[in-house]
Amino acid sequence: LQIEKKNSGWVKFGSDNKYPEYLLSLFEQSSKHASLCQQKAVYVTGDGWVPEDENVLAAKAFIEKVNPKETLLDLTRKCDLDTEIYNGYYLEIHWGKLTKTIAAIYHLDYNKVRTNKDNTQFWVADEWKEYSQTETKSYLAFNPEIREGVQILYVKQYSPGKRPYAIPNYIAGINYIQSDIDRKSTRLNSSHTDISRM
């Protein structure tokens with residue numbers, strides 16, 4: 001699944017470098033798989049965030065507004081769903097220029113990111129291709145010792161073997177998910193054929 005692309009720094013994710021897109025297509029095309037992922041994400045997210053001390057105004061402010069458009073709960077829901085689909089998620093960490101504290105945190109579309117072998121650098125693009133790539137932005141990994149600019153935090157679940165990318169928990173069941181999609185497609189094509197004969 002994971003192949004190093006020479007002279008680029010980033011590692012291909014899948015033979016065509018589009019494995020995340022394939023996992024997303026499974027989620028979008030199999031209602032059973034999508035329902036399971038969504039329900040698991042809901043249970044993991046729970047009721048949201050509550051500060052340990054209600055008097056800590058900074059904690060309350062962070063929970064209510066983790067970036068200009070979202071609460072921490074909004075962000076968490078996206079991360080939990082990504083975890084069910086991909087077994088990991090990416091966050092874009094913005095450091096304040098003057099305060100040197102975290103100014104905002106954004107969810108980053110899993111499909112748009114590729115990384116190097118040790119997850120110390122990340123490349124973001126709107127669309128990834130197998131051999132050529134244009135308009136790629138590069139970011140360093142999140143590092144609280146270097147508090148400047150934008151950094152990427154990659155949170156992934158452990159899987160045996162040293163891999164730069166997470167492998168979904170349902171990897172052994174992908175053939176069943178694909179079969180579910182194929183059966184639906186066959187039934188749909190069959191019904192279209194029957195209608196055309198009328």
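The table that follows gives values for the structure above.
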quantity: Looking only at region 137-159, and only at residues there that are assigned to a loop (DSSP other than H, G, I, E, B) and within 21 Å of Asp82 (Cβ to Cβ), the one that is least open to solvent (accessible area, probe 1.4 Å); calculated: Ser159
quantity: Hits in region 148-167 - residues which are under 16 Å from Trp10 (Cβ atoms) and either without any contact (Cβ under 8 Å) to a residue 24 or more places away in the chain or of a type in the set (A, V, I, L, M) (or both); calculated: Ile152, Ala166
quantity: Residues within region 137-177 that are closer than 17 Å to Pro20 by Cα and either of a type outside the set (S, T, N, Q) or in contact with a strand residue (DSSP E or B) (Cβ under 9 Å, 6 or more places away or on another chain) (or both), tallied; calculated: 16
quantity: Where a residue in region 54-81 is in contact (Cβ under 8 Å) with a residue 60 or more places away in the chain and its partner, wherever it lies, is crowded, with 16+ Cβ neighbours inside 10 Å, with Cβ under 6 Å and at least six apart; calculated: Cys79/Tyr89
quantity: Elements of type helices (runs of 4 or more DSSP H) contained in region 8-75, each with 3 or more residues being modelled with pLDDT of 90 or more, polar (S, T, N, Q) and open to solvent by 20 Å² or more (accessible area, probe 1.4 Å); calculated: 31-45
quantity: Count - residues of region 109-124 that are open to solvent by less than 20 Å² (accessible area, probe 1.4 Å), more than 9 Å from the chain's Cα centre (by Cα) and among the hydrophobic types (A, V, I, L, M, F, W, C); calculated: 1
quantity: Test: Glu127 is more than 12 Å from the chain's Cα centre (by Cα), more than 17 Å from Asn17 (Cβ to Cβ) and in a loop (DSSP other than H, G, I, E, B); calculated: no
quantity: Matching residues, region 115-136, being out of contact with any Pro (no Cβ under 9 Å at 6 or more places or on another chain) and either among the charged types (D, E, K, R) or modelled with pLDDT of 90 or more (or both); calculated: Thr120, Gln121, Phe122, Trp123, Val124, Ala125, Asp126, Glu127, Lys129, Glu130, Glu135
quantity: Which listed residue, of Tyr90, Tyr106, is open to solvent by 30 Å² or more (accessible area, probe 1.4 Å), closer than 22 Å to Ile146 by Cβ and either at pLDDT 95 or above or within 13 Å of the chain's Cα centre (by Cα) (or both); calculated: Tyr106
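The values are calculated or read from the model by the stated rules, or taken from the named source; none is laboratory data. If you're wondering where the values come from, they're calculated on a predicted model, not measured in any experiment. For neighbour counting, all protein chains shown are included, and Cβ atoms are generated from backbone atoms with ideal geometry for every residue, glycine included. For accessibility, only protein heavy atoms count, side chains too; no ligands or nucleic acids. Shrake-Rupley method; radii C 1.70, N 1.55, O 1.52, S 1.80 Å.
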